[in-house]
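The values are calculated or read from the model by the stated rules, or taken from the named source; none is laboratory data. All values reported here derive from a predicted model rather than from experimental measurement. Glycine also receives a Cβ, built like all others from the backbone with ideal geometry; neighbour counts cover every protein chain displayed.
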Amino acid sequence: MRNTYRHQTFTEQALIVLALGAIALMLWKIVGLLILIFGAVVGAAVLQTCMIPLLRLGAPRWLALLTVIIGLVVVLGLISWAFGAQVSAELESLVSLLPNAWEQLQERLEGSQLAPLVNDAADRAGDMFGNGLSQVGMIVVSMGGSIVSFFALIVGMIYFAAQPSVYRRGLLLLAPIKSRPKLADALDESGRALRFWLGGQLVAMVVTGLLVGVSMWLLGVPAPLGLGLVAGLLDFVPLVGPLIAAIPALLLAFTVSPQTTLFVLIAYTIIQQIEGNILQPLVQQRAVHLPPALLLFSLFAASTLFGLAGLLLAAPLTVVVFVLLNRLYVTREQDAS
């Protein structure tokens, strides 16, 4: 009798392991779709943040969402009309100047001990960037093309922002009945943390872009507006983004003079200190505080597994996972102890 029971237990455990393996394999096969869904969730969180003032005034959700979408389209249209030509010219100038700046740097370092190190770092960066683009290309192709993916992303954002309770209820139905109240609290808290983090990060991006653009203009570096735009956009990726944004600025500053390169390095260091020690603590007061080491390793892990798309979404994904684990596991262990 006991042997029969052990045999049944072993069979059940083996079936569970096989089922979990099959689910993991299936999820890996549709990783592009999962990244696209989470990107839509992040976009919906941005829309939800913009909708909060209107919802507090008593506006219906559909009207608040429609107002936010129209407002964003109008604002982006006005910005494109007012600065689109100048920004486009700056970016074209930046793209055309960078190869010449890299050649000048190689000529000045030729014969020095730094030349092999710089060339090796450039080769590694090129390989990583190429691998990232190839992975993103594979994901885009698997999703049916960039236009379809972009359309699905926009539609998903609108659907998630229009009826978040529907999808929240669907997730809760997948959990055991006893765990649903705690899971509901965890989902609500992770949603709030994601909205606060995104709002603070958008403020930090704008301020960083302005500071970089103005400082590069004062130092006489070519294409200051383009450098400010690049720095602001890359600031969405914590820790790694600002380092990448400093590379084209240093290359262009080197074409002016070595002294300008030193001043640019000092300016970027000061801006990052202002952002990290003053701006981020102010704008992220209500968001979750992520340990820098955890955030750094999550960026590398996401970029290794999912390429460039994973790198872009690693920080908000870490925010959500961190809050969920803290609410569902760490709090439960503390209560049990």
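Given Gly232, Gly220, Gly276, Gly199, which one is under 25 Å from Leu94 (Cβ atoms), under 22 Å from the mean Cα position of the chain (by Cα) and among the small types (Gly, Ala, Ser)?
Going through Gly232, Gly220, Gly276, Gly199 in turn, just one is under 25 Å from Leu94 (Cβ atoms), under 22 Å from the mean Cα position of the chain (by Cα) and among the small types (Gly, Ala, Ser): Gly232.
Just checking, which of Phe236, Phe254 is under 22 Å from Val323 (Cα atoms) and out of contact with any strand residue (DSSP E or B) (no Cβ under 6 Å at 6 or more places or on another chain)?
Details: Phe254 fails: under 22 Å from Val323 (Cα atoms).
Going through Phe236, Phe254 in turn, just one is under 22 Å from Val323 (Cα atoms) and out of contact with any strand residue (DSSP E or B) (no Cβ under 6 Å at 6 or more places or on another chain): Phe236.
Condition check: of a type outside the set (Ser, Thr, Tyr), surrounded by 21 or more Cβ atoms within 10 Å (Cβ to Cβ), in contact with a helix residue (DSSP H, G or I) (Cβ under 6 Å, 6 or more places away or on another chain) and not in a helix (DSSP H, G or I). Does Val212 satisfy that?
In short, no.
Hey, among the residues in the range 219-249 that are in a loop (DSSP other than H, G, I, E, B) and of a type in the set (Gly, Ala, Ser), which one's farthest from Leu308 (Cα to Cα)?
Applying the first criterion (in a loop (DSSP other than H, G, I, E, B)) to the range 219-249 yields 220-223, 235-239.
Keeping just the survivors that are of a type in the set (Gly, Ala, Ser) gives 220, 223.
On the way: Gly220: 32, Ala223: 25 Å.
Per the stated criteria, the residue is Gly220.
How many residues, within the range 250-304, are touching a residue at least 24 places away in the same chain (Cβ under 8 Å) and part of a helix (DSSP H, G or I)?
Summing the residues that are touching a residue at least 24 places away in the same chain (Cβ under 8 Å) and part of a helix (DSSP H, G or I) in the range 250-304 gives 24.
Of the conditions (1) out of contact with any Phe, Trp or Tyr (no Cβ under 8 Å at 6 or more places or on another chain); (2) crowded, with 20+ Cβ neighbours inside 10 Å; (3) in contact (Cβ under 8 Å) with a residue 40 or more places away in the chain, Gly232 satisfies every one except a single condition; which number is it?
(3)
Given the criteria of a type outside the set (Lys, Arg), free of Cβ contacts under 8 Å to residues at least 40 places away in the same chain and over 18 Å from Val319 (Cβ atoms), does Gly241 qualify?
No: the conditions fail for Gly241.
I want to confirm something. Restricting to the range 275-308 and keeping residues that are among the aliphatic types (A, V, I, L, M) and touching a Ser or Thr at 6+ places or on another chain (Cβ under 9 Å), which single residue is farthest from Leu211 (Cα to Cα)?
So, considering only residues that are among the aliphatic types (A, V, I, L, M) and touching a Ser or Thr at 6+ places or on another chain (Cβ under 9 Å), the one farthest from Leu211 (Cα to Cα) is Ala302.
Can Phe150 be described as of a type outside the set (Val, Ile, Thr), under 30 Å from Ala246 (Cα atoms), without any contact (Cβ under 8 Å) to a residue 12 or more places away in the chain and not in a loop (DSSP other than H, G, I, E, B)?
Here the answer is yes, as Phe150 does meet what is asked.
Which condition number in (1) in contact with a helix residue (DSSP H, G or I) (Cβ under 7 Å, 6 or more places away or on another chain); (2) of a type in the set (A, V, I, L, M, F, W, C); (3) closer than 30 Å to Ala249 by Cβ; (4) modelled with pLDDT under 75 is the one that Val42 fails?
All conditions pass for Val42, except number (4).
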